[in-house]
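Chemist: Questions regarding the structure given below will be posed in turn.
The values are calculated or read from the model by the stated rules, or taken from the named source; none is laboratory data. It should be emphasised that the depicted structure is a prediction, and the values quoted were computed from it without experimental measurement. Cβ placement follows ideal geometry from the backbone for every residue including glycine, while neighbour counts extend to all protein chains displayed. Note: areas computed on protein heavy atoms with side chains; ligands, DNA, RNA excluded. Shrake-Rupley method; radii C 1.70, N 1.55, O 1.52, S 1.80 Å.
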Amino acid sequence: MPALLTQMTALCGIIPVSPSATTKRRGRKLPGVTAATRTGVKGDSVTTATCKDPLLLRVARGEHGDRPPVWLMRQAGRYMAEFRKYSDKFDFRHRSETAEIAIELSLQPWRAFKPDGVIMFSDILTPLPAIGVEFDVVKGKGPVISNPVRNLDDIKALKSLDDPDTSLPFIREVLTSLRSEVDGESTLLGFIGTPWTLAAYSMEGCSDRHLITTKQIMTQNPEILHRYLSHLTDALTVYVCHQIDCGAQVVQLFDSWAHHLSPQQFAEFSLPYSERIISTVKARYPQTPLIFHANGGVGKLETLKESSADVIGLDWSTSMAEARNIFGPDRVLQGNMDPMYLFADEGRIRHEVAKVVSAAGQGKHIMNVGHGVVQGTPEQNVDIFCDAARNCFYDSL
C-alpha cells in the first residue's frame, strides 16, 4: 500500500468501532419538523453570507479546508427506513411537490449522518410541467412522459419558465425552510438536470437504455434536438437562479445521461448548453458555486476541462488520480467512491474513502459517492462513510 494511502487510511479511522460509538458521533438531532420550526426566512435574506460559511461552500468556492467536506448523491432515499414511511404511502410527485414532506425527507439524512451538504428532495424532471411537459414516476418503471417532445410543433407549443413562484410554488418554501433549519451548520444544495438529460427523457418518453428515439432525432434531424436544448437551457437558467434566490448556496447540474453520448456528441449536444446556464448564472451570482456532474464522464475528461463550473463531479468509473492529473491541482473535484462499497464492511468502507481522498490530493476535493446511494444500502454504512470523510484531516499527514 502506498505510504500516503497508508497514512490516509489510518487518518480516516480504519480501526473498527462499534455501532454505538458510530451513533454517538452523529451529533445532536434537530427537533421534530413542524410548521413552527420552518418559518422566519425570506427569499431576499437567505443569500446573505455569514462571517463563517460552512465547509462545503468554502471548498466549492476554491478555498482550502482542513478536510474534504462530504455529502452523498441520492442522500435522501429508500435505503432509509424513515424515508420509506413516506415513499410507501405517497407517490413521488406528491412527496417532492408537497413542501412539508420534501423538507422532512431532505432533513432525514442530515439528522442521521451529519453530512456537510443538505440537498433538497426533488427530481431533475420537476421543472418540466412548468414548460408544458407532463411526467409521472411509475413504480417499477421510473419516469414516464405523457406528451413526448419529438418535433418542431411540439417545441413551439412549449411554455417559457417566466414565474417559478407561480408554476413551481413549493420550491421557495422547501429551500427557504431548509436554509433556516440547517442554520449554517451545513451547506444547502439545489440541483437541476442538464438540458441534454431532460431532452433525452422527454424525447424518449421514458427511461430507455438505448435512447433509440432520441438518437434517431439526433442523427437524422439534429436541428430539432438543438432547438429543444435551447428552450430547455433558457428555462433551466431561470430555475437555477430561482433556487439561489430561495436559499440554495451551491447548485449541482446533473448530466445523468451523459453516458449515452460519445465524447464528440457530448461536446455538441451537452456541454455547450450547460455552459450557457453556468455563464449566465455566474454573471448574476458570482459567489454561488456550481457543480457539473457528468455520469459517464470517463473518456470525456479532456472535454470536461472546458467547463467553467466551479466543481467537476466524477462518477465511480473514473480514476480520481487520472482526473487530478488532467484537471491539475487547483480545480475542485467531487467524488467518487463506488456506492456499492457501502455494502462492504466498515474497514473496507474506510479504506476506500482513504483511497479517494489520497488520490484527490490535499484540498480542492469534495468527498461523495460516484453515483446515487442504492436502495438496500445499510444505513449504518452511510454513517461510516460520512464519519470516515470527516476524520480525513489534511494537517495530520
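Chemist: Mind telling me which of the residues Asp183, Asp234 ends up being acidic (Asp, Glu) and either more than 29 Å from Leu333 (Cβ to Cβ) or touching a residue at least 40 places away in the same chain (Cβ under 8 Å) (or both)? Outline the logic, then answer.
Modeler: Details: Asp183 fails: either more than 29 Å from Leu333 (Cβ to Cβ) or touching a residue at least 40 places away in the same chain (Cβ under 8 Å) (or both).
Of Asp183, Asp234, the one residue that is acidic (Asp, Glu) and either more than 29 Å from Leu333 (Cβ to Cβ) or touching a residue at least 40 places away in the same chain (Cβ under 8 Å) (or both) is Asp234.
Chemist: If you check Ile224 against the conditions, is it in contact (Cβ under 8 Å) with a residue 60 or more places away in the chain, buried (at least 17 other Cβ atoms within 10 Å of the Cβ) and either more than 22 Å from Cys206 (Cα to Cα) or among the polar types (S, T, N, Q) (or both)? Steps first, answer last, please.
Modeler: Details: in contact (Cβ under 8 Å) with a residue 60 or more places away in the chain: yes; buried (at least 17 other Cβ atoms within 10 Å of the Cβ): yes; either more than 22 Å from Cys206 (Cα to Cα) or among the polar types (S, T, N, Q) (or both): no.
Considered against the rule, which asks whether it is in contact (Cβ under 8 Å) with a residue 60 or more places away in the chain, buried (at least 17 other Cβ atoms within 10 Å of the Cβ) and either more than 22 Å from Cys206 (Cα to Cα) or among the polar types (S, T, N, Q) (or both), Ile224 comes out as no.
Chemist: Within the group Gly376, Gly347, Gly363, which residue is surrounded by fewer than 24 Cβ atoms within 10 Å (Cβ to Cβ) and closer than 13 Å to Pro68 by Cα?
Modeler: Values: Gly376 fails: closer than 13 Å to Pro68 by Cα; Gly347 fails: closer than 13 Å to Pro68 by Cα.
None of the other options fit; the residue is Gly363.
Chemist: Now, a different point. Residues that are in a loop (DSSP other than H, G, I, E, B), among the polar types (S, T, N, Q) and in contact with a strand residue (DSSP E or B) (Cβ under 9 Å, 6 or more places away or on another chain): does the range 362-379 have at least one?
Modeler: Initial filter on the range 362-379 (in a loop (DSSP other than H, G, I, E, B)): 362-364, 368, 370-378.
The next check asks that each one be among the polar types (S, T, N, Q); those that pass are 362, 368, 375, 377.
Filter again for in contact with a strand residue (DSSP E or B) (Cβ under 9 Å, 6 or more places away or on another chain), leaving 368.
Yes, the range 362-379 contains at least one residue that is in a loop (DSSP other than H, G, I, E, B), among the polar types (S, T, N, Q) and in contact with a strand residue (DSSP E or B) (Cβ under 9 Å, 6 or more places away or on another chain).
Chemist: Here's something else I'd like to know. Got a number for residues in the range 59-87 being more than 24 Å from Asn381 (Cβ to Cβ) and open to solvent by 50 Å² or more (accessible area, probe 1.4 Å)?
Modeler: The qualifying residues number 4.
Chemist: Quick check on the range 82-101. Is at least one of its residues of a type in the set (S, T, N, Q) and in a helix (DSSP H, G or I)?
Modeler: So in the range 82-101, the residues of a type in the set (S, T, N, Q) come out as 87, 96, 98.
From what's left, in a helix (DSSP H, G or I): 87, 96.
So far as the range 82-101 goes, yes, one or more of its residues are of a type in the set (S, T, N, Q) and in a helix (DSSP H, G or I).
Chemist: Could you please tell me which pairs satisfy a Cβ distance under 6 Å, a separation of 6+ or placement on different chains, a first residue in the range 327-344 that is touching a residue at least 24 places away in the same chain (Cβ under 8 Å) and of a type in the set (D, E, K, R), and a second residue that is open to solvent by 20 Å² or more (accessible area, probe 1.4 Å) and not in a helix (DSSP H, G or I)?
Modeler: Cβ pairs passing all conditions: Asp338/Trp316.
Chemist: Quick check: is even one residue across the range 332-342 in a helix (DSSP H, G or I) and either of a type in the set (Lys, Arg) or open to solvent by less than 10 Å² (accessible area, probe 1.4 Å) (or both)? Don't jump to the end; show me each part of the working.
Modeler: Of all residues in the range 332-342, those in a helix (DSSP H, G or I) come to 339-342.
Those left that are additionally either of a type in the set (Lys, Arg) or open to solvent by less than 10 Å² (accessible area, probe 1.4 Å) (or both): 339, 342.
Yes; the residues of the range 332-342 include at least one that is in a helix (DSSP H, G or I) and either of a type in the set (Lys, Arg) or open to solvent by less than 10 Å² (accessible area, probe 1.4 Å) (or both).
Chemist: Being open to solvent by less than 10 Å² (accessible area, probe 1.4 Å), outside any loop (DSSP other than H, G, I, E, B) and touching an Asp or Glu at 6+ places or on another chain (Cβ under 9 Å) narrows it down to one of Ala354, Ala388, so name that one. Step through it out loud before you land on a result.
Modeler: On the way: Ala354 fails: touching an Asp or Glu at 6+ places or on another chain (Cβ under 9 Å).
Within the list Ala354, Ala388, the selection yields Ala388.
Chemist: In the range 155-200, how many residues are open to solvent by 30 Å² or more (accessible area, probe 1.4 Å) and of a type in the set (Ser, Thr, Tyr)?
Modeler: To start, the set of residues in the range 155-200 that are open to solvent by 30 Å² or more (accessible area, probe 1.4 Å) comprises 156-157, 159-160, 162-163, 165-167, 169, 172-173, 179-180, 183-185.
Imposing the further condition that a residue be of a type in the set (Ser, Thr, Tyr) reduces the set to 160, 166-167, 180.
The number of residues fulfilling the criteria is 4.
Chemist: Turning to a different aspect of this structure: State whether one or more residues within the range 250-262 are assigned to a helix (DSSP H, G or I), among the aromatic types (Phe, Trp, Tyr), open to solvent by less than 20 Å² (accessible area, probe 1.4 Å) and farther than 23 Å from His365 by Cβ. Quick ask: steps written out before the conclusion?
Modeler: Step one: of the range 250-262, the residues assigned to a helix (DSSP H, G or I) are 258-260.
If we keep only those that are among the aromatic types (Phe, Trp, Tyr) too, we end up with none.
No, the range 250-262 has no match at all.
Chemist: Still on this model: For the range 302-328, give me each residue that is open to solvent by less than 30 Å² (accessible area, probe 1.4 Å) and within 16 Å of Gln252 (Cβ to Cβ).
Modeler: Leu304, Ser307, Ala309, Val311, Ile312, Gly313, Leu314, Asp315
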